[in-house]
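Asker: Next up is a structure, given as structure tokens.
The values are calculated or read from the model by the stated rules, or taken from the named source; none is laboratory data. Small disclaimer: the values here were computed from a predicted structure and weren't measured. Neighbour counts are summed over all protein chains in view; Cβ atoms, including those assigned to glycine, are modelled from backbone coordinates with ideal geometry. Accessible surface is based on the protein model in full, side chains and every heavy atom, while ligands, DNA and RNA are left aside. Shrake-Rupley method; radii C 1.70, N 1.55, O 1.52, S 1.80 Å.
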Amino acid sequence: LRQPIPVPQTLTSPLPSSHSYRGLTLVLTFLSYTSYHLSRKPISIVKSQLHPNCSTLGPNPHNDSNSTTWCSWAPFDGDNYKELFGALDNAFLVAYAIGMFISGIFGERLPLRYYLSGGMVLSGLFTALFGLGYFWDIHVLWYFIVVQVCNGLVQTTGWPAVVACVGNWFGKGKRGLIMGIWNSHTSVGNILGSLIAGAWVSSAWGLSFVVPGIIITTVGIICFFFLVEYPEDVDCSPPLHHVMTTSEKDPEAITSNEGPLSLSGQSSVDHSNSPKEPAEEPEAISFLGALRIPGVVEFSLCLLFAKLVSYTFLYWLPLYIVNVAHFGAKEAGDLSTLFDVGGILGGIFAGLISDYTGGRATTCCVMLVVAAPMLFLYNHVGQNGIGTSIAMLIICGALVNGPYALITTAVSADLGTHESLKGNAKALSTVTAIIDGTGSVGAALGPLLAGLISPTGWNNVFYMLIAADVLACLLLARVVVKEARGWCGPMARQRGYVVT
């Protein structure tokens, strides 16, 4: 059996109620993943500084160097700089995608607090090492590639751990809204990362990585001392993951032989003697077992294409703004944060609507359908004026990141606590890792394709993004049809959105 991880007495004394622990869990996991994204964002801001337009900086002080690339940072000073930027992105993203499938398995078998904190400290180290290449005057491509690969691997510790922690503390009721608000950490991290990186991008771009590396390391140490993984570790009752009115009012009714709810409804006597009853704690779910949970495959493949679009914007939007709207590196970085502001609004809106309707897949599908024409409009009219650009960035951010946020949070938590698991709480991290790992394949493909396609014109990049949005929508068609049929029946609200 899993032994509860000891929590410092200084933490447990002043926080007697489960509500306080829930709030603490939300805050700490929010800060954790904010710092993860904060440390990923600088590369997109620094790209324009690694290969700037040197002709705008005055005469060439080095007579023996090329007049148009004398200010660029080797090895990104050649005509193939976009391909090299794509290689940097994919070194991180491919490692992240591969590592994510493994990370959830480790996350189910290791203490989440140790796993998360250790990953954050290592993430801070490798983020800082990329920036130290500036101060150490490193101009070897393989140095930056290796650092990106290592950083991608260790950053996979974050998402399965934080979703599992939140899922352990919060049941299904209003999960979409709560996790929609909580998931704003992604956009908040991107915004803070852009602002922090922008502060030093023109003077000493190495600090654009070193400072975020210090921040994520500090937050990781805080989580090590104060994060509580399970309600049972501090003598709190676990949440109900399935809606049954009689079970909430009569805990003893659940402990009879109620299958999936038996673990969530322990009586007070059983809870005091044994936080987790041995008979109700099976071994961690296998990879294939997680794939057999209804809905996991559909949402995983949908996220692949949704995340492809989101991460293409994450890594290429500042450079697109520089090239098309002709802003400076700092101004482009600041303007790109509006896409993440829209992402915050979209995640909250998607969670609220999906809670009200009970249709997670339908909510995602509608937003993806509307996102496709909005992307087309942004590319064609988004740079006609600063007001138009601001409005379009916020709208596109909401529509692109809304489905992405909903799938990676509420949907993952719902599937990881699906009733077919019969109370096996150890599936949540594995399911989350499978869904986000599949999505990370798209996150790797998006920037790679953008790097390959952008030399042919930015229009083609946007056509690729629109096609990805349409495919993401089509992959959810079966689940959407089942949801629509469910709404026509008398048990629609109780059946939820996952198809059996």
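Asker: Provide the gained length on full extension for the span Glu331 to Thr218, in nm with one decimal, where the gain is 0.36 nm per separating residue minus the Cα-Cα distance.
Answerer: Working: separation 113, 0.36 × 113 = 40.68 nm, distance 2.85 nm.
Contour length minus the Cα-Cα distance gives 37.8 nm.
Asker: Considering only protein heavy atoms, with the full assembly of protein chains and a 1.4 angstrom probe, order Trp182, Trp487, Trp200 by accessible area, largest first.
Answerer: Trp487, Trp200, Trp182
Asker: While we're looking at this one, here's another question. Enumerate the calculated ³J(HN,Hα) couplings along segment 466-471 in order (Karplus 6.51 cos²θ - 1.76 cosθ + 1.60, θ = phi - 60°), each rounded to whole Hz, writing x wherever the residue is Gly or Pro.
Answerer: Computed from phi, the couplings for segment 466-471 are 5, 4, 5, 4, 5, 5 Hz.
Asker: Could you give the nm distance between label points at Asn384 and Thr357, where each point is 7 Å from its Cα heading toward the beta carbon?
Answerer: 3.0
Asker: Then there's this: Taking Cα centroids, how far is segment 447-476 from segment 294-310 in Å?
Answerer: 15
Asker: How much length is gained on full extension from Glu83 to Ala391, taking 0.36 nm per residue of separation minus their Cα-Cα distance?
Answerer: So the chain would gain 107.8 nm between Glu83 and Ala391.
Asker: Then there is this: Which order do the peptides 441-451, 374-384, 353-363 come out in when sorted by mean C-beta neighbours inside 10 angstrom, highest first?
Answerer: 441-451, 353-363, 374-384
Asker: When ranked by the protection proxy of mean other Cβ atoms within 10 Å per residue, highest first, what sequence do the peptides 202-209, 42-49, 130-137 form?
Answerer: Ranked by mean Cβ neighbours within 10 Å, highest first: 42-49, 202-209, 130-137.
Asker: Under the rule of at least 5 residues apart or a separate chain, name every residue whose amide H is placed under 5 Å from the amide H of Ser202.
Answerer: Close amide H contacts, sequence-distant or interchain: none at all.
Asker: I want the local charge near Gly189. Using Cβ-Cβ distances under 12 Å, sum +1 for each Lys or Arg and -1 for each Asp or Glu among the other residues.
Answerer: Summing Lys/Arg as +1 and Asp/Glu as -1 gives +1.
Asker: Using the per-residue mean of other Cβ atoms lying within 10 Å as a proxy for protection, in what order, highest first, do the peptides 471-482, 335-346 fall?
Answerer: Working: 471-482: 19.6, 335-346: 24.3.
In decreasing order of mean packing, 471-482, 335-346 become 335-346, 471-482.
Asker: Multiplying the sequence separation of Ala477 and Asp235 by 0.36 nm and subtracting their Cα-Cα distance, what value in nm do you get?
Answerer: Working: separation 242, 0.36 × 242 = 87.12 nm, distance 4.29 nm.
Extra length from Ala477 to Asp235 when fully extended: 82.8 nm.
Asker: Can you work out the Karplus-derived ³J(HN,Hα) for every residue in segment 454-459? Use 6.51 cos²θ - 1.76 cosθ + 1.60 with θ = phi - 60°, whole Hz, and x for glycine or proline.
Answerer: With the stated coefficients, segment 454-459 comes to 4, x, 8, x, 5, 4 Hz.
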